């Protein structure tokens, strides 16, 4: 397709060159043929017929040649087609012709280079044209020297020579322009051709295809955007494959446990008592929560998460959730405290989703805080926004894990069990919920082994943010 585009562009360029070349040759030939029908008086190009008519009108007005010598220069300008300028005037170096006007008796009544009554022009070449009035000859126009066309013998030969010269020059210029134009168009179509091939590879499921960037113009920018799109598609495809594998893995483990326990009960290995049924119930609750988390995450990533915003006191929400988790903190001898303003902090948000954000962050902190450790929830109010942070004093997060902590199913320690590491969905859900409220989240952690673990921060606007 791009080869056809290149051909069409080249053909259009060639047509434009041909039209320009043809017009140049035709205009040059016409101009040369026209100008070779003149004689020169001073710098004026004069047609003999025009000078005849001008002199005839002069005689008709006065019925004599009286005063013609004084009026000759003005009459020449009146009969002139204009001064000889441009290419012909500069390059051809035409000499000025001398003219005389004779009365019917052959006396000189006007001379462009002499006095009336002076000697007649006798040196050849001479051109003579009669001046008529009422079909009677009343005088003669004499031109000393040849007309412009006579300088090289035949005007037709000179015109043909000039036409050939202009044609050859135009042909060389056209060939050069066409070559440069074809090269320029190739520079345009080649990146497009490479872009097309890369797009065809992507359409054939080869998401590693990229097009080389060869310029900084619009085509180069298009190529860079295409490569970013291809990289995004490749990353999304990798995430999709990983998601399918992770979902299958996460669902297989509890399902295998439930299946094994039920089969053991059916075989009589385990009694179907309250204790074993409670264990099965716990596994089904885990499955239910995993499915709910997956549905929440999928809905949020698709941009279809529905929020029910209302005016809530963020201090009250934080304190209520922290108080509810105090028993869990006491079991592990963890210090859980809140640092928040004493007055209410009002924001427009979905209260249940804000609780889910804080609950997931605290759940993550509980997993990593050591026994007799500490977890601090801080709430700070800024100009038009609030910042909520959750800090623990655990082992921290390594530098290579920090960029991935919000990825779904990501665990810094691949061997970590669901009990210690969770399903790897909590922080991914937190990020999507925060973004749905118009905020953003970050994580900060010093080097592992320091006296402070990870700190997760949430920035939320205080204005109305409806989704």
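The values are calculated or read from the model by the stated rules, or taken from the named source; none is laboratory data. Values in this document were obtained by computation on a predicted structure and should not be read as measured data. Methodologically, a virtual Cβ is constructed for each residue, glycine included, from the backbone with ideal geometry; neighbour enumeration extends over all protein chains shown.
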Quiz item: Given the structure, is residue 136 out of contact with any strand residue (DSSP E or B) (no Cβ under 6 Å at 6 or more places or on another chain) and modelled with pLDDT of 75 or more?
Solution: yes
Apart from one, (1) outside any helix (DSSP H, G or I); (2) modelled with pLDDT of 80 or more; (3) over 46 Å from the mean Cα position of the chain (by Cα) all hold for residue 270; the odd one out is (2)
Picked from region 207-228 (must be over 26 Å from residue 239 (Cβ atoms) and part of a loop (DSSP other than H, G, I, E, B)), the residue modelled with the lowest pLDDT is 217
Check whether at least one residue in region 195-204 is touching a residue at least 60 places away in the same chain (Cβ under 8 Å) and in contact with a helix residue (DSSP H, G or I) (Cβ under 9 Å, 6 or more places away or on another chain), and report yes or no. yes
task = Tell me, yes or no, whether region 114-131 has at least one residue that is within 22 Å of residue 63 (Cβ to Cβ), assigned by TED's automatic domain parsing to the domain that holds residue 73, modelled with pLDDT of 90 or more and outside any helix (DSSP H, G or I).
result = yes
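Return the only residue of 354, 345, 338 being under 14 Å from residue 387 (Cα atoms), surrounded by 21 or more Cβ atoms within 10 Å (Cβ to Cβ) and in contact with a helix residue (DSSP H, G or I) (Cβ under 7 Å, 6 or more places away or on another chain).
On the way: 345 fails: surrounded by 21 or more Cβ atoms within 10 Å (Cβ to Cβ); 338 fails: surrounded by 21 or more Cβ atoms within 10 Å (Cβ to Cβ).
Unique residue meeting the criteria: 354.
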Checked against (1) under 30 Å from residue 372 (Cβ atoms); (2) surrounded by 15 or more Cβ atoms within 10 Å (Cβ to Cβ), residue 328 satisfies every condition except (2)
Quick count over region 357-367, residues being touching a helix residue (DSSP H, G or I) at 6+ places or on another chain (Cβ under 9 Å) and surrounded by 17 or more Cβ atoms within 10 Å (Cβ to Cβ), is 7
For residue 411, the lone unmet condition from (1) part of a loop (DSSP other than H, G, I, E, B); (2) more than 15 Å from residue 365 (Cα to Cα); (3) modelled with pLDDT under 85 is (2)
Region 1-109: strands (runs of 3 or more DSSP E) wholly inside it with 2 or more residues that are touching a strand residue (DSSP E or B) at 6+ places or on another chain (Cβ under 6 Å), assigned by TED's automatic domain parsing to the domain that holds residue 168 and modelled with pLDDT of 85 or more are none
Scanning region 192-231 residue by residue, the ones that are within 14 Å of the chain's Cα centre (by Cα), surrounded by 15 or more Cβ atoms within 10 Å (Cβ to Cβ) and under 27 Å from residue 16 (Cα atoms) total 2
Cβ pairs under 9 Å, 6+ apart or interchain, first in region 281-296 and within 12 Å of residue 258 (Cβ to Cβ), second at pLDDT 80 or above, ordered by first then second residue, are 283/255; 283/258; 283/261; 284/258; 287/255; 287/258
